[in-house]
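The values are calculated or read from the model by the stated rules, or taken from the named source; none is laboratory data. Everything quoted here is computed from the prediction, not taken from an experiment. FYI the Cβ positions are ideal-geometry reconstructions off the backbone, even for glycines, and counts take in every protein chain you see.
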Amino acid sequence: MMSALSLLALNLGAVLVLFSVLWGIAQINRDPSFIDAFWAFSILMIAGLSFLLTDGATWRHMLIAGLAALWGMRLGVHLFLRWRKEGADRRYVKLLSSVRKKRGWSFALTTAVFVFLPQAVLAWLTSLPVQLGQAFASDAALGALGIAGAALALFGIVYESLADAQLSRFKHDPSKQGQVLDTGLWAWSRHPNYFGEVCVWWGLWLIAAETGWGVLALPGPVFVTFTLLKLSGVTLQEADIEDRRPDYARYKARTSAFVPRPPRSEA
């Protein structure tokens with residue numbers, strides 16, 4: 001347990017250093033939107049550090065680190081390229097504008113308190129399954145729970161990747177401007193990318209939980225699920241979308257918000 005606590009402390013320190021550097025960069029380009037991509041990269045970093053700092057290279061170590069690396073690299077590159085192409089994220093623009101107007105804070109203080117510090121801590125919290133799963137890994141073979149977790153995490157990575165690819169293709173098709181994506185995975189769920197994300201983290205938690213003490217990583221997937229359903233995910237994304245896309249109300253009425261299922265009949 002002590003070695004696990006040391007690992008958690010070291011990873012938290014590394015994440016805080018990384019996000020401090022990123023905060024400094026944001027003061028130069030005046031746009032913190034790139035943080036989403038580096039949030040994924042930071043968990044990739046945590047996975048690598050945990051692999052290097054824990055004993056051995058068991059199948060469980062390699063599986064957890066490998067899945068986290070696959071997830072982090074894919075999502076990080078996707079979000080970074082999206083930021084480079086689309087520029088500042090309207091969510092961050094709205095947040096920073098609101099806070100600075102209400103509190104009179106500087107850009108530096110606002111981004112530190114409302115963007116970079118919380119993102120650093122939450123990246124560390126989210127990655128608890130990656131950290132504790134490796135900290136408590138042993139030479140014991142993967143059991144049914146670990147195999148099920150690996151399958152769920154891999155499914156989530158593939159599902160999220162496909163959903164992101166479909167959305168990217170739709171957004172960059174000039175003939176689709178102002179329309180609503182309601183085909184492919186998006187016909188069965190309004191947020192299939194978020195559903196895939198949740199599957200990844202519950203899958204990693206199952207692999208960690210099979211070690212025994214790894215069950216303590218539960219706050220990680222619980223936080224991800226709550227955030228995507230109630231905070232920065234579904235709720236925030238849909239706050240004003242009907243004003244920008246009038247057809248969204250009909251889409252919303254027939255399509256599940258999160259868990260995929262066949263669309264309801266409009267009749």
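Some notes on this structure:
- Some residue of the range 68-87 being more than 19 Å from Asp36 (Cα to Cα), touching a Phe, Trp or Tyr at 6+ places or on another chain (Cβ under 6 Å) and modelled with pLDDT of 95 or more: no
- Just one residue in the set Ala40, Ala57 is of a type outside the set (Lys, Arg) and assigned to a loop (DSSP other than H, G, I, E, B); that residue is Ala57.
- Of the candidates Thr183, Thr225, the single residue that is free of Cβ contacts under 8 Å to residues at least 60 places away in the same chain, surrounded by 15 or more Cβ atoms within 10 Å (Cβ to Cβ) and either under 30 Å from Ala4 (Cβ atoms) or in contact with a helix residue (DSSP H, G or I) (Cβ under 9 Å, 6 or more places away or on another chain) (or both) is Thr225.
- Qualifying residue in the range 53-71 (condition: over 25 Å from Trp202 (Cα atoms), surrounded by fewer than 18 Cβ atoms within 10 Å (Cβ to Cβ), more than 19 Å from the chain's Cα centre (by Cα) and not β-branched (Val, Ile, Thr)): no
- Selection of the range 176-223 for residues being part of a helix (DSSP H, G or I) and closer than 22 Å to Ile241 by Cβ yields Lys176, Gly184, Leu185, Trp186, Ala187, Pro192, Asn193, Tyr194, Phe195, Gly196, Glu197, Val198.
- Residues in the range 115-132 that are over 13 Å from Phe19 (Cβ atoms) and either of a type in the set (Phe, Trp, Tyr) or part of a helix (DSSP H, G or I) (or both): Leu125, Thr126, Leu128, Pro129, Val130, Gln131, Leu132.
- Test: Phe258 is surrounded by fewer than 15 Cβ atoms within 10 Å (Cβ to Cβ), among the aromatic types (Phe, Trp, Tyr) and either out of contact with any Phe, Trp or Tyr (no Cβ under 8 Å at 6 or more places or on another chain) or more than 13 Å from Leu128 (Cβ to Cβ) (or both): no
- Residue in the range 133-141 that is among the small types (Gly, Ala, Ser), surrounded by 17 or more Cβ atoms within 10 Å (Cβ to Cβ) and more than 21 Å from the chain's Cα centre (by Cα) present: yes
- Restricting the range 88-114 to residues that are at pLDDT below 90 and not in a helix (DSSP H, G or I) leaves a set whose member that is nearest to Ile28 (Cα to Cα) is Ala88.
- Enumeration of residues in the range 162-181 that are over 14 Å from Tyr194 (Cα atoms) and either basic (Lys, Arg) or modelled with pLDDT of 95 or more (or both): Arg169, Lys171, Lys176
- Every residue from the range 133-147 that is touching a helix residue (DSSP H, G or I) at 6+ places or on another chain (Cβ under 6 Å) and either of a type in the set (Asp, Glu) or not in a loop (DSSP other than H, G, I, E, B) (or both): Gly133, Gln134, Ala135, Leu145, Gly146
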